[in-house]
Each structure stands twice: as structure tokens, then as C-alpha cells.
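Working notes for the structure below.
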């Protein structure tokens, strides 16, 4: 158990270090980062999302709740795990990009990475 925690902490700090070295801002929000990670791996754990995005697990929980409330995610419980499904047909929310669907964002960012993991 302790070893997993150490690995988790190392990954979190390595992610944070990479984000910090890239600057203080990014083009996409944490909401889009979480959505993209879920699109790539619908069975991803919140802990792994937190590490990958570089935010806390609690922040991931709030974002997933926002995305589900907005209709962008469907959450299905499978045993002790969650499986997420992204509604790719919904439009993006901001007036600047509302002419685009979520599917376009996923395709643009993930490209053929999504096909390689069998999605």
C-alpha cells in the first residue's frame, strides 16, 4: 500500500512539475482535460485522472459531476468501479466554440490515439 502511495505522489509531482515548467496557463481547461482523458479511457479511476490532469481527486469529482449534470458524461457503476460514456454529440459551451461538437474536440486532441487503445 505504501509503495502505491509513493508512486502516486511521484507521478502527481512529476505531472505538476511538467505543468509548471510549461508555464502558468494552458489552452484547454481542467474540464476539457478530464473529458479527454475519459474519452481515451472510459474506465479510468479518479485518482489516475487527478494525477494525469494535475489536480486533486476532489477537483476531479466536482468536474465529473459538472460534466454529468451538463449531459456530457453518463456514469455507469460496474462493481466497485465507474465506467463513463462521453456524449460526443453535444456542443461545446462557450459562444466562441459552440458551433463545434465534443466529437470534434476529441478527434482534434486525441486523433488516432483513441483508435490505438481500441475505442
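The values are calculated or read from the model by the stated rules, or taken from the named source; none is laboratory data. Computed from a predicted structure; not experimentally measured. Don't worry about glycine lacking a Cβ; one is built from the backbone with ideal geometry, like all the others, and counts go over all protein chains shown.
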Worksheet entry | Residue list for the range 13-34, restricted to those being assigned to a helix (DSSP H, G or I) and modelled with pLDDT under 95 | 13, 14, 15, 16, 17, 18, 19, 20, 21, 22
Worksheet item: Which of the following residues is more than 21 Å from residue 102 (Cα to Cα), touching a strand residue (DSSP E or B) at 6+ places or on another chain (Cβ under 9 Å) and either without any contact (Cβ under 8 Å) to a residue 60 or more places away in the chain or surrounded by fewer than 18 Cβ atoms within 10 Å (Cβ to Cβ) (or both): 45, 58?
Response: 45
Worksheet item: Taking the range 77-109 on its own, how many of its residues are out of contact with any strand residue (DSSP E or B) (no Cβ under 8 Å at 6 or more places or on another chain), surrounded by 14 or more Cβ atoms within 10 Å (Cβ to Cβ) and within 17 Å of residue 34 (Cβ to Cβ)?
Response: 3
